[in-house]
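Trainee: What follows is a single structure, and I will ask about it in a moment.
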Amino acid sequence: MQDNKTKIKVNASLSNKSFAILLIIPSIIIIGFVIIYPLLNGIILSFREYNLINPSEKKFVFFRNYVFLVKDHIFWEAFKNSIIFTFFSIAGGFTIGLALALVLNEKIIFQRFFRGIFLTPWVIPAVIVSLLFLYMFNAEVGIINYILKKLNIIKDFIPWFGKPKPAMIAVIIGNVWNQFPFYSLMFLATLQSIPDEVKEAAYVDGANAIQSFLHITLPYLKNVILITTTLMVIWNFNNFDIIWTTTLGGPVNATTTFSIYTYRMAFRNFELGYAATIGVVWLIVLLIFSYFYIKVMEKKSDIF
Amino acid sequence: MIFSNIYRARKVVLKIMTYVVLVAILIFAFFPIFWMLSTSFKPNHLAFSIPPKWIPKPFILDSYKKQITDRGGFVVFFKNGVIISLSVTILTVIVAIFSGYSFSRFRFKGQKTIFLLILATQMFPYVLIVISLYVMFRNLGLLNTYPGLILSLTTLSLPFSIWMMKGFCDTVPKEVEEAALVDGSSKIGILIRIVIPMILPGMIAVALFSFLVAWNNLLFSLTLSLRNDMLTIPPGFLMTYVGEFQYRWSDMCAGSVLVSVPVIVIFIFFQKYLVAGLTAGSVKG
């Protein structure tokens, strides 16, 4: 009895506001400790000369790293490669993902089965995807070269990971394979939410497949397309696993993106200061994008 | 009459197109998996044969046996992966429930800013973060430790998980809680006894998502654990199979199958919850 009374008292004294704040404290501590604080530290680091081999010398160099960066042609190449990698990964993943979602939304045989298994490429770790594609795209024993030659598409075996352009193509194909089910997942859920009456109305009006796709399906998908694509721009700009496992950014920087260049500068060249500088510029690029992402999320999911 | 014929013809064409697309995508999606399975049952020298052997003959389990007895490699990576990913899952689910519920139910000044800041963190360049994390963890002695890896991997999925959880909490009717409050239940009691049972699907969605992120991540584990016995599966596989002279494709494929199958089965089984979670916000609009 006594216990119960104090409990109620505690309840009353704990206002909604304090309770709400208390609940988010664990998140704030974790995110603050592992994301925010290291991020701020990283920004400070970008103004220093800090080499891992000689960590006692932490010279403050103001904007010297940034000046150097502007003149660093590998940085600009990494910028270009990030955009190429992201653009084609999304173009491929989006197209295949949308096509699959539309197909799985139709009445097809084994519909339940296909809907069950289509996520498979997405749940396989990117490192394993990379190793598998490294094997399949191998110049001498790879199955891809063999099939392409059998089909008379190529005359000689292509050294996929040995030449700049083929390397980028192979990496993007592996990435698309890993990611397209995610688009399908998002799109299919939305397609299923389109009311039957709407589809029937179009049917009665005699709309053909393309018309009903453009005028009925697409408007329904607009929000989810925006959210998914924005998310994918950010994820692909951050993509590290696939490129690092297959090419380490090579041959001769042909697949070096921001994430690869930053990582290599930090953990191969041990120039933490300069690596942080690359990271900060990359952050600014992402922030500009994040601004739009949040705008979209805010509007479309009516958070508050 | 003619009109309906055209109509029917159109439908047939559409049906054929649907199946053509389906078959093409299925080949694209499952050929690599077929090849992985096929290779995993071959002796290694046949993994190099041109023309390729489509069906493994002889059909052997040697590579699988090698993996599950590799106590200095595969077994360690798998064990670390399970321990770390499960801890991340539990931590993420608990923390995300608290935050998601708070963001869903209560209003206070600065709340929106905090929520957007949390969402924004998933867009920060992880390599930049991992650089300072490395320095920080080295000073704190958190390199090569489970707590260090668990904490850092949790933040990768936490923002999205909070967002999902908030979406699920939004679907719980307020009246249920108000009734309980009148009955004299404490606020935390309401959350645990009334809200949590109602958002179980959301918890499954968050659990799946955070497990997958931790299980698959390379960057954090590669950077923050340097000792071989602390590696998870992605860095473990990277160290084992990349850059050797003697490629062991059969072993690699067998290991890949062992790593992927449990996750694939779990996902097929619980997929609908993940769909509900991932689209909680985006479908509504």
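The values are calculated or read from the model by the stated rules, or taken from the named source; none is laboratory data. Only a predicted model underlies this, so the values are computations on that prediction, with no experimental measurement involved. Note: ideal-geometry Cβ built from the backbone for every residue, glycine included; neighbour counts use all protein chains shown.
Trainee: From B:150, B:204, which residue is closer than 19 Å to residue B:122 by Cα, touching a helix residue (DSSP H, G or I) at 6+ places or on another chain (Cβ under 7 Å) and either part of a helix (DSSP H, G or I) or more than 12 Å from every other protein chain (Cβ to nearest Cβ) (or both)?
Mentor: Values: B:204 fails: closer than 19 Å to residue B:122 by Cα.
So the residue among B:150, B:204 that is closer than 19 Å to residue B:122 by Cα, touching a helix residue (DSSP H, G or I) at 6+ places or on another chain (Cβ under 7 Å) and either part of a helix (DSSP H, G or I) or more than 12 Å from every other protein chain (Cβ to nearest Cβ) (or both) is B:150.
Trainee: Residue by residue through the stretch B:209-262, note down the ones that are within 15 Å of residue A:129 (Cβ to Cβ), over 14 Å from the mean Cα position of the chain (by Cα) and among the hydroxyl-bearing types (Ser, Thr, Tyr).
Mentor: B:241, B:256
Trainee: I've got another one for you. Give me the residue from the stretch B:161-186 that is facing another protein chain (nearest Cβ under 9 Å) and at pLDDT 85 or above and, out of that set, nearest to residue A:31 (Cα to Cα).
Mentor: The qualifying residue nearest to residue A:31 (Cα to Cα) is B:162.
Trainee: Also: Hey, among the residues in the stretch A:213-233 that are touching a Phe, Trp or Tyr at 6+ places or on another chain (Cβ under 8 Å) and surrounded by fewer than 19 Cβ atoms within 10 Å (Cβ to Cβ), which one's nearest to residue B:275 (Cα to Cα)?
Mentor: This residue is A:225.
Trainee: Separate question: Which residues, counting only those in the stretch A:234-255, are surrounded by fewer than 21 Cβ atoms within 10 Å (Cβ to Cβ) and closer than 18 Å to residue A:181 by Cβ?
Mentor: The answer is A:235, and nothing else.
Trainee: Looking only at the stretch A:19-72, filter to residues that are part of a helix (DSSP H, G or I) and among the hydroxyl-bearing types (Ser, Thr, Tyr); which one of those is nearest to residue A:275 (Cα to Cα)?
Mentor: Out of the qualifying residues, it is A:66.
Trainee: I'm checking my understanding of the structure. Among residues of the stretch A:270-293 that are under 21 Å from residue B:223 (Cα atoms), of a type outside the set (Gly, Ala, Ser) and touching a helix residue (DSSP H, G or I) at 6+ places or on another chain (Cβ under 8 Å), which one is surrounded by the fewest Cβ atoms within 10 Å (Cβ to Cβ)?
Mentor: A:271
Trainee: I need the full set of residues from the stretch A:91-122 which are among the β-branched types (Val, Ile, Thr) and either at positive phi or crowded, with 22+ Cβ neighbours inside 10 Å (or both), in order please. Don't jump to the end; show me each part of the working.
Mentor: Just the residues of the stretch A:91-122 that are among the β-branched types (Val, Ile, Thr), to begin with: A:95-96, A:103, A:108-109, A:117, A:120.
Matches in the stretch A:91-122: A:96, A:103.
Trainee: Taking the stretch A:152-170, which residues are touching a residue at least 60 places away in the same chain (Cβ under 8 Å) and in contact with a Pro (Cβ under 9 Å, 6 or more places away or on another chain)?
Mentor: So in the stretch A:152-170, the residues touching a residue at least 60 places away in the same chain (Cβ under 8 Å) come out as A:161-165, A:167-168, A:170.
A:161, A:162, A:163, A:164, A:167 - these are the residues of the stretch A:152-170 that are touching a residue at least 60 places away in the same chain (Cβ under 8 Å) and in contact with a Pro (Cβ under 9 Å, 6 or more places away or on another chain).
Residue-by-condition table, conditions (1) surrounded by 13 or more Cβ atoms within 10 Å (Cβ to Cβ); (2) touching a residue at least 40 places away in the same chain (Cβ under 8 Å); (3) not in a helix (DSSP H, G or I):
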| position | (1), (2), (3) |
| --- | --- |
| A:172 | yes, yes, no |
| A:181 | yes, yes, no |
| A:184 | yes, yes, no |
| A:187 | yes, yes, no |
| A:194 | yes, no, yes |
| A:202 | yes, no, no |
| A:211 | no, no, no |
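Trainee: Moving to a separate point now. Give the residues of the stretch B:108-126 that are assigned to a loop (DSSP other than H, G, I, E, B) and at the interface with another protein chain (Cβ under 7 Å from one of its Cβ atoms), sorted by residue number.
Mentor: Scanning the stretch B:108-126 gives B:108, B:124, B:125.
Trainee: Going through B:238, B:258 one at a time, which residue ends up being assigned to a helix (DSSP H, G or I), surrounded by fewer than 22 Cβ atoms within 10 Å (Cβ to Cβ), facing chain A (nearest Cβ under 8 Å) and not polar (S, T, N, Q)?
Mentor: Working: B:258 fails: facing chain A (nearest Cβ under 8 Å).
None of the other options fit; the residue is B:238.
Trainee: Considering each of A:216, A:234 in turn, give the residue that is facing another protein chain (nearest Cβ under 9 Å) and aliphatic (A, V, I, L, M).
Mentor: A:234
Trainee: Would you say residue A:174 is at positive phi and of a type outside the set (A, V, I, L, M)?
Mentor: No: the conditions fail for residue A:174.
Trainee: Return the pair list, or none, for Cβ contacts closer than 7 Å from residues in the stretch A:53-70 that are surrounded by 11 or more Cβ atoms within 10 Å (Cβ to Cβ) to residues that are assigned to a loop (DSSP other than H, G, I, E, B) and among the small types (Gly, Ala, Ser), at least 6 apart or on different chains.
Mentor: A:65/A:46
Trainee: Right, next: How many of the residues making up the stretch B:213-234 are within 14 Å of residue A:126 (Cα to Cα), part of a helix (DSSP H, G or I) and either in contact (Cβ under 8 Å) with a residue 60 or more places away in the chain or among the aromatic types (Phe, Trp, Tyr) (or both)?
Mentor: 7
Trainee: If you take just the helices (runs of 4 or more DSSP H) that sit entirely in the stretch B:1-105, which of them hold at least 3 residues that are closer than 30 Å to residue A:95 by Cβ and at the interface with chain A (Cβ under 9 Å from one of its Cβ atoms)?
Mentor: It comes to B:2-40.
Trainee: Residue A:285 - would you say it is within 10 Å of chain B (Cβ to nearest Cβ), over 24 Å from residue A:126 (Cα atoms) and modelled with pLDDT of 85 or more?
Mentor: Here the answer is yes, as residue A:285 does meet what is asked.
Trainee: Can you find even one residue in the stretch B:114-127 that is in contact (Cβ under 8 Å) with a residue 60 or more places away in the chain and either in contact with a His (Cβ under 6 Å, 6 or more places away or on another chain) or surrounded by 16 or more Cβ atoms within 10 Å (Cβ to Cβ) (or both)?
Mentor: yes
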